[in-house]
Amino acid sequence: MQGRRFGLAIKRLLDLVTSAILLTLSAPLMLVCAAIIKVDSRGSVFFRQERLGLRGQLFRVFKFRTMFTDGANSDPNVSVSDPRITTVGRVFRKFRMDEWPQLINVFRGEMSLIGPRPLVPLHAHAWTEEERKRLNMKPGMSGWQQINGAATNTWEERVALDVWYIEHWSLWLDLKIFLKTPLVVLGAKTVYGRDGHERSAIPTRVLTAKARTDSMSNETASVQRSPRETRL
């Protein structure tokens, strides 16, 4: 336990130093990205949203805005052909450039360079004890789950990979993930699921229940629209 605490202290120091260096070096490129976003569509440069941090503590994550301002906070389900995504946003999402500003969250200590991805609290009330274990480590910009399928994983696969990372964490494992991340990002094959949607962050049972509810609603609407039988 003492060794793990010391390792986590080193991890935080590395996060602080590395994020400071990367923020400094990438500042000119981020300014260019900000200018492109402003030219492409109206609205703020950044998109900020509440996410779950270490032990469930809420914080506001920084991202480059990739959607039109009237669509960013609506339906959380996003697809590759989502009309809410701006032209520039499609490129940013494909290569995960929208996540660069999260270096600010890392520098502030709300995130780490490596760890489970921070999720919105929308479905947290439905998480099991096993699923809540992913909150036992500070969320990261990249992680074991991200380099092993990311959005192509199911919710159950995501949780299993995140929990495995936390239980087997080491600085060496973080270094391995850090070095492999650029190759995965440039490959741009795991941003969306196999069906073109981002659903790996939503418990499968929630998706199933929603699909059942939508189906029942459609059936009810269909019955109400159908002409009534006329008795002769």
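The values are calculated or read from the model by the stated rules, or taken from the named source; none is laboratory data. Everything quoted here is computed from the prediction, not taken from an experiment. Glycine also receives a Cβ, built like all others from the backbone with ideal geometry; neighbour counts cover every protein chain displayed.
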Legend entry - Residue count, segment 125-168 (criterion: of a type in the set (S, T, N, Q) and either in a helix (DSSP H, G or I) or surrounded by fewer than 18 Cβ atoms within 10 Å (Cβ to Cβ) (or both)): 4
Legend entry - The lone exception for Ile202 - which of (1) assigned to a helix (DSSP H, G or I); (2) touching a helix residue (DSSP H, G or I) at 6+ places or on another chain (Cβ under 7 Å) it fails: (1)
Inset, instruction - Restricting attention to segment 38-68, report how many residues are within 15 Å of the chain's Cα centre (by Cα) and of a type in the set (Ser, Thr, Tyr). - result: 1
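Conditions tested, residue by residue: (1) at pLDDT 95 or above; (2) buried (at least 16 other Cβ atoms within 10 Å of the Cβ).
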site: Leu8; (1), (2): yes, no
site: Ser19; (1), (2): yes, yes
site: Ser26; (1), (2): yes, no
site: Val32; (1), (2): yes, no
site: Val39; (1), (2): yes, no
site: Arg42; (1), (2): no, no
site: Leu54; (1), (2): yes, yes
site: Phe59; (1), (2): yes, yes
site: Lys63; (1), (2): yes, yes
Legend entry - The one condition in (1) closer than 21 Å to Tyr165 by Cβ; (2) surrounded by 11 or more Cβ atoms within 10 Å (Cβ to Cβ); (3) not hydroxyl-bearing (Ser, Thr, Tyr) that Phe68 fails to fulfil: (1)
Inset, instruction - Could you tell me which numbered condition Met111 fails, if it satisfies all but one of (1) among the hydrophobic types (A, V, I, L, M, F, W, C); (2) crowded, with 18+ Cβ neighbours inside 10 Å; (3) under 20 Å from Ile202 (Cα atoms)? - result: (3)
Legend entry - Checklist (1) at pLDDT 85 or above; (2) under 17 Å from the mean Cα position of the chain (by Cα); (3) over 15 Å from Pro116 (Cβ atoms) applied to Arg199, failing item: (1)
Legend entry - In segment 77-98, the residues that are surrounded by 19 or more Cβ atoms within 10 Å (Cβ to Cβ) and of a type in the set (D, E, K, R): Asp82, Arg93, Arg96, Asp98
Legend entry - Of residues in segment 23-43 being of a type in the set (D, E, K, R) and in a helix (DSSP H, G or I), the one nearest to Phe62 (Cα to Cα): Lys38
